[in-house]
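Written out below as structure tokens is the structure these notes cover.
The values are calculated or read from the model by the stated rules, or taken from the named source; none is laboratory data. Nothing here was measured: the structure is a model prediction, and the numbers come from that model. Note: ideal-geometry Cβ built from the backbone for every residue, glycine included; neighbour counts use all protein chains shown. Each accessible area value is taken on the protein alone, full model and side chains, heavy atoms only, with ligands, DNA and RNA left out. Shrake-Rupley method; radii C 1.70, N 1.55, O 1.52, S 1.80 Å.
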Amino acid sequence: MKILLWFLAVLTTAYAFAQDAQISPEEIRTIELSPAVVFVSVEYKVTGIIPQPGPQRLKLIQGTLGATGSGFLYRPDGYLITNAHVVSDANTKDPQAQQMLRLRTLKTLVDAAEQLNQRQMTDLEKEYIYNKMRVGTPVINVILNNKSRYRGEIKIYSDPTGVNVGKDIAIVKIDATNLPTVTLGNSDDVHVEQPVTVIGYPGAASAMGKTLGDEISEESMLVPTVTNGHISAVKMDYKGSPVLQSDAAITHGNSGGPAFDPDGKVIGIATFGAQEAAGFNFFVPINTAMEFVRQAGAPPESGSFDSTWHAALDAMAARQWSKAHVLIGDVLEIMPGEPDAARLQVIAAREEQKEVPLWPWIAGAAALLILLIVLIVWAVVAARSRKVPVAIPDKPIITPQQQSPSQVGLAPTVLASTGLAATALQDSTSTKTYGTLHVTSGSLNGNRFPIPKTGVMIGRDSTKCAIVTSDESVSKEHAWVVPVDNEVVVIDRNSTNGTYVNSPDSPRINKTALRSGDRVYIGRKGAITLTYFSS
């Protein structure tokens, strides 16, 4: 029996060793969606002549101008959705769009001339620059995250918001097959406080951005950025079309990128945000875009990349390393150089080498168990066949009632030595939780904290608080979330900057009962935001 227990212990350890790689469900979900989110740019050549100081009164300028944004593939044969304002410069069939392109180009050349001459250009000089400038034919570039580059063609176009009552949607086609896709959802089902995930290519997080500038490498332009938030409101724009408002961060370059619901379906398209106030960003509902998808005659579809990629990620999540390694190899055959697939292939290969084959251990343990059973049966049969006489004791047999206290005390000692007493104690004191707090903004974003009977303290004092932040707008013992009388309440601990429920602009609270889905804002401007979910 000792040998059998040893085999089982080794088998359990080997299995645990094979499970040591950790890939979170949130990471799996994000990398499942990212390959179909694309970088979109419009580029055109410009030649201009501008005044300059000195004997050479004119200066020749040549270069490339353009704009960037995001988009997402919804068919494996290259159909994608983006904002009209992302590709408007390339809409050569629209005279109004081309006139706007020339005016923006003129402004760029005039700005360059005024910076060079350290003075404003006269109307006559601006007219000269306008007449001399030459603008090439704009082209749409669509770049996947494996750096594959394609030329795009506008199939359906609805003017940008504010132009001819447009809905700011463009359907673009690239010449490719077996591409990754995303699933289109139903924006009519969207509700306030619903979590959303936005994936795109914001210029502020690239080498093109004015926010970070040279701190970000040029290669990082093709690394998508993921931001999270919630639906704040469902509103109407000035022309009566619905728009989704969210606190998920977007900026220039996010335009045309997808916003996903918790099921990984696209419910909106990042379009514009309030520049003077953070957290007020707007998305065109996907049902609005579906009008133009139907006009294009290209309904949503998925392809071989999607099914293989999903199967590979399922295998990774289940830690089936050998299967995942093979499937990711198939993914890279379809889409060579896909960065997430290349990274996961390395992980799967490494874990596959550490994988312990379990069937030999199971077979060995089963064989040993059968052998032990055979030996026990043989021993019992042999003992009966010998008919050993039973010895009659010289002294009376002591019954349990006649045993001394010291003899009776042996039984609990034996029980404790087997570990059974400790197990029973552990089962009788299992911990009960009263829901969880999910951190949705701040330095602890993404962490989850169960609420025990004693509650959860939030603040800067790490000796007393379970949720700890270094933000100076948060007090040492700022707030306490604790179960009281069959409900969970949040209690402000006389904090300096207050505790707020469901809006940082609401009155600060002293003690308030929480409902599942309520958001708790801690400190100035919500330095930490937590969402409460009941058990």
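Over all other residues within a Cβ to Cβ distance under 10 Å of Tyr521, the charged ones net out to +3, with Lys and Arg as +1 and Asp and Glu as -1.
Cα-based values for the range 146-193, radius of gyration first and Dmax second, are 15.1, 39 Å.
Counting only heavy atoms of the protein chains and using a 1.4 Å probe, Ile31 has close to 10 Å² of accessible surface. Straight-line reach from Lys453: which aspartates and glutamates have a Cα under 16 Å away, not including same-chain ones fewer than 8 places off? Within the straight-line limit of under 16 Å, Lys453 reaches these aspartates and glutamates: Asp485, Glu487. Taking amide H as placed 1.01 Å from N in the peptide plane, the amide H of Ile231 sits under 5 Å from that of Glu193, Gln194, Val196, each at least 5 places away or on another chain.
Between Asp111 and Thr436, what length comes free when the chain is fully extended (0.36 nm per residue of separation minus the Cα-Cα distance, one decimal in nm)? Don't skip to the answer; put the middle values down first.
Working: separation 325, 0.36 × 325 = 117.00 nm, distance 5.45 nm.
Roughly 111.6 nm would be gained on extension.
Counting heavy atoms of the protein chains alone, Met236 has an accessible area of about 130 Å² for a 1.4 Å probe. Computed from label points 7 Å out along Cα-Cβ, the spacing between Val223 and Ala363 is 4.7 nm.
Count Lys and Arg as plus one, Asp and Glu as minus one, and take only other residues whose Cβ is under 11 Å from that of Val135; the net charge is then +3.
Averaging 1/r over every pair of different alpha carbons in the range 439-509 and inverting the result gives a Kirkwood radius of 12.7 Å.
The residues packed around Ala233, meaning those with a beta-carbon under 13 Å from its beta-carbon, carry a net charge of -2 if Lys and Arg are +1 and Asp and Glu are -1.
Could you work out the per residue convex hull volume over the alpha carbons of the range 88-155, in cubic angstrom?
118 Å³
Annotation for the range 265-328 versus the range 333-356: alpha-carbon center distance of 22 Å.
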